[in-house]
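The values are calculated or read from the model by the stated rules, or taken from the named source; none is laboratory data. What you are looking at is a predicted structure, and each value in this text was computed from that prediction instead of being measured. Cβ placement follows ideal geometry from the backbone for every residue including glycine, while neighbour counts extend to all protein chains displayed.
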Amino acid sequence: MEGVMSEQTFTATIEKDQRIEPRDWMPDGYRKTMIRQIAQHAHSEIIGMQPEGAWITRAPSLRRKAILLAKVQDEAGHGLYLYSAAETLGADRGDLTRRLIEGRQKYSSIFNYPTLSFADVGVIGWLVDGAAICNQVPLCRSSYGPYARAMIRICKEESFHQRQGYELLMTMMRGTEAQREMVQDAVNRWWWPSLMMFGPPDAESPNTAQSMAWKIKRHTNDELRQRFVDMSVPQAEALGVTLPDPDLRWNDDRGHHDFGAIDWSELKRVISGDGPMNTERIANRRRADEEGAWVREAAAAHAGKRAAT
Amino acid sequence: MIQHEWPLYEVFVRAKRGLNHVHVGSLRAADHEMALHHARDLYTRRNEGVSIWVVRSDDVVASGPDDKDAFFAPSGDKVYRHPTHYSIPDSVPHI
Ligand SMILES: [Fe+2]
Ligand SMILES: [Fe+2]
């Protein structure tokens, strides 16, 4: 009887577009899906520090170095906001980290590509953070309260990420021919993986319907991907770069840009561990965790000692 | 072996003078002092606050969703607690 009541309350709350809060009754499937989505998102923020972090010591000026440091620090913050949200569902962040390191939980495939030049830092800010914004803005209305609130905080910070990247690229485009080539080369490499960030096409995304019903997700993968393409085309034009897709053109009937076929076998390959940087990303995360273990133990021992006196 | 011995802390931030502290999230820290420093780094990187409280999560006592009726329903039928319950002629000023 009480179970039925709880389920009704849950459904009614979702229908009224109100938020589910940590101590509310929720279906097991909702809790599991939420933990998986939040953890995967948190892991992406944390692993996402690496491709750009690699350029902090090589940033071309003190200004760019300070900007990049702040941006990478933000990504760490995003990861922590999200682990915090996952813990409200009964997950333990140490356990989530372990699952990441052991390959039992995933992170965004985009971070398995290498950053070959400083232009990559700009293109990541523009396209990768841009795609993240497209994905994340609707999540500010996700039905799970702590997740939605974390997303609001994150979205406020992402705008800086995208703008610093685009400004960096504008600066390079005003530079030498070699610099312009670096930008175009980076765009060529990051464009398609950025489109893959929105996940498989709707027809092959079996969980989408349930996630939309629970209002965990507000738009389908293909809707968000289209929105991203439409936003990026004029930005690319203003920058003076070519997006590497011969089929990309405005479709007056649809009121959207058409674009070429995505190589989904590449996404599958990278997700299942065979991207250019998967091994290194996880090895780095594991090393940071193992090498930091003594610090965590020492701090805990120190706190224990102080509490005893 | 990754084992978290650090307890969970809830973080509250006062955005500016004149406002209440508001709950913003949680973090892990070895002790109160570290919790405060981590809260500064994590939740106030852009002038989001002028004051921070941290509280051990297991020290928070909260009403549960199941207590909802016992806790909050009784106030529902006490309409006389609201100013709109009282009809006063429009001719009476400032009330
Ligand atoms: Fe982020
Ligand atoms: Fe970002």
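Filter segment A:260-309 down to the residues that are within 14 Å of chain B (Cβ to nearest Cβ), basic (Lys, Arg) and closer than 25 Å to A:Gly199 by Cα and list them by number. Please lay out each step first, then the result.
Applying the first criterion (within 14 Å of chain B (Cβ to nearest Cβ)) to segment A:260-309 yields A:282, A:285-309.
Subset that is basic (Lys, Arg): A:285-287, A:296, A:305-306.
Answer for segment A:260-309, where residues must be within 14 Å of chain B (Cβ to nearest Cβ), basic (Lys, Arg) and closer than 25 Å to A:Gly199 by Cα: just A:Arg285.
Scan (1) in a helix (DSSP H, G or I); (2) loosely packed, with under 15 Cβ neighbours inside 10 Å; (3) touching a residue at least 24 places away in the same chain (Cβ under 8 Å) for the single condition A:Ser44 breaks and write down its number. So A:Ser44 meets the others, but not (2). If only residues of segment A:19-32 that are within 14 Å of A:Gly145 (Cα to Cα) and under 25 Å from the mean Cα position of the chain (by Cα) are counted, the one that is surrounded by the fewest Cβ atoms within 10 Å (Cβ to Cβ) is A:Glu21. Here is a check on your reading of the model: is A:Gly94 surrounded by fewer than 23 Cβ atoms within 10 Å (Cβ to Cβ), touching a His at 6+ places or on another chain (Cβ under 6 Å) and assigned to a helix (DSSP H, G or I)? In short, yes.
Matching residues to (1) among the aliphatic types (A, V, I, L, M); (2) within 11 Å of ligand 2 (Cβ to nearest atom); (3) out of contact with any Leu (no Cβ under 6 Å at 6 or more places or on another chain); (4) within 14 Å of chain B (Cβ to nearest Cβ):
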site	(1), (2), (3), (4)
A:Pro114	no, no, yes, no
A:Ser117	no, no, yes, no
A:Val137	yes, no, yes, no
A:Tyr147	no, no, yes, yes
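Restricting segment A:49-69 to residues that are free of Cβ contacts under 8 Å to residues at least 24 places away in the same chain and aliphatic (A, V, I, L, M) leaves a set whose member that is farthest from ligand 2 (Cβ to nearest atom) is A:Leu62. A:Gly103 falls short on exactly one of the conditions (1) within 14 Å of another protein chain (Cβ to nearest Cβ); (2) outside any helix (DSSP H, G or I), and that condition is (1). Just one of the listed residues (A:Cys155, A:Cys140) is within 13 Å of ligand 1 (Cβ to nearest atom) and in contact with a Cys (Cβ under 9 Å, 6 or more places away or on another chain), and it is A:Cys155.
Restricting segment A:47-75 to residues that are surrounded by 15 or more Cβ atoms within 10 Å (Cβ to Cβ) and basic (Lys, Arg) leaves a set whose member that is nearest to the chain's Cα centre (by Cα) is A:Lys71.
Among A:Gln8, A:Gln73, A:Gln50, which is the only one that is away from chain B (no Cβ under 14 Å), of a type in the set (S, T, N, Q) and in a helix (DSSP H, G or I)? Spell out how you get there, then give the answer.
Numbers: A:Gln8 fails: away from chain B (no Cβ under 14 Å); A:Gln73 fails: away from chain B (no Cβ under 14 Å).
Just one listed residue meets the conditions, A:Gln50.
The numbered conditions (1) over 17 Å from A:Lys217 (Cα atoms); (2) within 11 Å of another protein chain (Cβ to nearest Cβ) are all true for A:Leu82 except (1).
Listed here are the residues, each with its yes/no results for (1) of a type in the set (Ser, Thr, Tyr); (2) within 16 Å of ligand 1 (Cβ to nearest atom); (3) closer than 22 Å to A:Thr279 by Cα.
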{"residue": "A:Trp25", "(1), (2), (3)": "no, no, no"}
{"residue": "A:Tyr30", "(1), (2), (3)": "yes, no, no"}
{"residue": "A:Met34", "(1), (2), (3)": "no, no, no"}
{"residue": "A:His43", "(1), (2), (3)": "no, yes, yes"}
{"residue": "A:Leu62", "(1), (2), (3)": "no, no, no"}
{"residue": "A:Ala70", "(1), (2), (3)": "no, yes, no"}
{"residue": "A:Glu75", "(1), (2), (3)": "no, yes, yes"}
{"residue": "A:Thr88", "(1), (2), (3)": "yes, no, no"}
{"residue": "A:Glu102", "(1), (2), (3)": "no, no, yes"}
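Please determine whether any residue of segment A:5-26 is aromatic (Phe, Trp, Tyr) and in contact (Cβ under 8 Å) with a residue 60 or more places away in the chain. Walk me through it before giving the result.
So in segment A:5-26, the residues aromatic (Phe, Trp, Tyr) come out as A:10, A:25.
Remaining after also requiring in contact (Cβ under 8 Å) with a residue 60 or more places away in the chain: none.
Checked segment A:5-26: no residue is aromatic (Phe, Trp, Tyr) and in contact (Cβ under 8 Å) with a residue 60 or more places away in the chain.
Across segment A:239-250, what is the total count of residues that are over 16 Å from A:Glu181 (Cα atoms) and either at pLDDT below 95 or not in a loop (DSSP other than H, G, I, E, B) (or both)?
Let us first name the residues in segment A:239-250 that are over 16 Å from A:Glu181 (Cα atoms), namely A:245-250.
Retained after the next criterion (residues that are either at pLDDT below 95 or not in a loop (DSSP other than H, G, I, E, B) (or both)): A:249-250.
Of the residues in segment A:239-250, 2 are over 16 Å from A:Glu181 (Cα atoms) and either at pLDDT below 95 or not in a loop (DSSP other than H, G, I, E, B) (or both).
Give segment A:72-101 a look and list any residue that's in contact with an Asp or Glu (Cβ under 7 Å, 6 or more places away or on another chain) and either within 13 Å of ligand 2 (Cβ to nearest atom) or over 17 Å from B:Ala35 (Cα atoms) (or both), or say none. The answer is A:Val72, A:Asp74, A:Glu75, A:His78, A:Gly79, A:Leu82, A:Thr97, A:Ile101.
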